[in-house]
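Structure, as structure tokens:
The values are calculated or read from the model by the stated rules, or taken from the named source; none is laboratory data. These numbers were taken from a predicted model, which means no experiment stands behind them. Neighbour counts are summed over all protein chains in view; Cβ atoms, including those assigned to glycine, are modelled from backbone coordinates with ideal geometry. Protein only, heavy atoms only, side chains kept; ligands, DNA and RNA dropped before computing areas. Shrake-Rupley method; radii C 1.70, N 1.55, O 1.52, S 1.80 Å.
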Amino acid sequence: MQDSSRDTRPATTGAAAAALAAVALAVAAVVTAAPATAIVGGAEAAPGAYPWLAAIGTPAFAMRPGGQFCAGALIAPDQVITAAHCAVLAQEAPGALTATFDRGDLAQGGGITVGIKNIRIDPRFRVSIFDSDLTYHHDLALLTLAQPVAVTPVAVAAPHGDTGTVVGWGATADGDWSNSRLHTVTVPLAADVDCTTAYGTEFDAGEAFCAGSPTADTGEFDSGGPLLVDGKLAGVTSWGKGSAQPGYPGVYARVSSTAF
């Protein structure tokens, strides 16, 4: 990634500092609900391959490089789409979050870091339970950046074909929070009937689709990140039973509409 760092985060104020406690609870909820591991079977992404990819973080999560706990994708100069479960508890304190673009290694400098000034959650978002794991429905949120960034947004498309590409900074081994490098892997797209077989009524093909296998999957700290088809954003990493578990592909929120 580029070494020229431009930091446009707002200065931390007393109010923002007080809000970090609420954001810390949001991060804890994401971590508790996340699958056991993250990018499985992947390789390091080429430098500069995904400049529109955002590492969403907060100083309240100091145990991760850059405070990163989720990811997102720039779909307009000042708009990042991510998972609702990554942001819902930070709605009243959006300024406690940041989005960092064009940084392949979160432990290094470079890239562009921007503050968040508004969080909009899909009003249909809800949480339920599958076999003791949290599940999410209509799991989409839009983050408005404090200022636009000079990065070309990713295009949006419907999922199609047999495979997709997932990208994230998540752990590369079970329980390993130390990974800071961006990884990517190709995952098979699952048929809706197979996802229904796995998750029953918790899966709704109208709002989500499935992808992944025992050798290629996403998980912890990859929530909110993209699933790409032909280089276009087709889904947002949402939930799943474990990671790379046989018979249980990952579930991705469809990005068919952001008009919420």
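Mind checking whether some residue in segment 165-187 is over 17 Å from the mean Cα position of the chain (by Cα), open to solvent by 40 Å² or more (accessible area, probe 1.4 Å) and at pLDDT 95 or above?
Going residue by residue through segment 165-187, those that are over 17 Å from the mean Cα position of the chain (by Cα) are 173-176, 178.
Those still in the list that are open to solvent by 40 Å² or more (accessible area, probe 1.4 Å) too: 173-176, 178.
So of that shortlist, the ones also at pLDDT 95 or above come out as none.
For segment 165-187, residues over 17 Å from the mean Cα position of the chain (by Cα), open to solvent by 40 Å² or more (accessible area, probe 1.4 Å) and at pLDDT 95 or above: absent.
Does Ala158 satisfy the condition of being under 16 Å from Pro226 (Cα atoms), open to solvent by 40 Å² or more (accessible area, probe 1.4 Å) and not acidic (Asp, Glu)? I'd like the intermediate steps shown before the answer.
Working: under 16 Å from Pro226 (Cα atoms): yes; open to solvent by 40 Å² or more (accessible area, probe 1.4 Å): yes; not acidic (Asp, Glu): yes.
Against the criterion (under 16 Å from Pro226 (Cα atoms), open to solvent by 40 Å² or more (accessible area, probe 1.4 Å) and not acidic (Asp, Glu)), Ala158 qualifies.
Would you check if Gly231 is open to solvent by 20 Å² or more (accessible area, probe 1.4 Å) and farther than 29 Å from Ile119 by Cβ?
For Gly231, the condition - open to solvent by 20 Å² or more (accessible area, probe 1.4 Å) and farther than 29 Å from Ile119 by Cβ - is not met.
Run Leu145 past the list (1) over 18 Å from Leu227 (Cα atoms); (2) surrounded by fewer than 15 Cβ atoms within 10 Å (Cβ to Cβ); (3) not aromatic (Phe, Trp, Tyr) and report the number of the one that doesn't hold.
Going through (1) over 18 Å from Leu227 (Cα atoms); (2) surrounded by fewer than 15 Cβ atoms within 10 Å (Cβ to Cβ); (3) not aromatic (Phe, Trp, Tyr) one by one, Leu145 breaks only (2).
Need the failing condition index for Gly212 against (1) surrounded by fewer than 19 Cβ atoms within 10 Å (Cβ to Cβ); (2) at pLDDT below 95, just the number.
So Gly212 meets the others, but not (1).
Which one of Gly224, Gly219 is modelled with pLDDT of 95 or more, surrounded by 21 or more Cβ atoms within 10 Å (Cβ to Cβ) and either touching a strand residue (DSSP E or B) at 6+ places or on another chain (Cβ under 8 Å) or under 26 Å from Ala76 (Cα atoms) (or both)?
Only one candidate qualifies: Gly224.
Specify which of the listed residues (Arg124, Arg103, Arg120) is within 30 Å of Lys241 (Cβ to Cβ) and in a loop (DSSP other than H, G, I, E, B).
When all the criteria are applied, what remains is Arg124.
When Thr201 is evaluated against the numbered criteria (1) touching a strand residue (DSSP E or B) at 6+ places or on another chain (Cβ under 7 Å); (2) of a type outside the set (A, V, I, L, M, F, W, C); (3) open to solvent by 20 Å² or more (accessible area, probe 1.4 Å), which criterion, by number, is the only one it fails?
Failed condition: (1).
Identify the residue in segment 96-119 that is buried (at least 19 other Cβ atoms within 10 Å of the Cβ) and small (Gly, Ala, Ser) and, among all such residues, is nearest to the chain's Cα centre (by Cα). I'd like the intermediate steps shown before the answer.
At the first step, the residues of segment 96-119 found to be buried (at least 19 other Cβ atoms within 10 Å of the Cβ) are 96-104, 106, 111-116, 119.
Still in the running and small (Gly, Ala, Ser): 96, 99, 104, 111, 115.
Details: Ala96: 17, Ala99: 11, Gly104: 15, Gly111: 18, Gly115: 17 Å.
The selected residue is Ala99.
Per-residue answers, yes or no, for (1) modelled with pLDDT of 95 or more; (2) open to solvent by 30 Å² or more (accessible area, probe 1.4 Å):
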| position | (1), (2) |
| --- | --- |
| Gly14 | no, yes |
| Ala24 | no, yes |
| Ala33 | no, no |
| Val40 | no, yes |
| Ala46 | no, yes |
| Tyr50 | yes, yes |
| Asp78 | yes, yes |
| Thr82 | yes, no |
| Pro94 | yes, no |
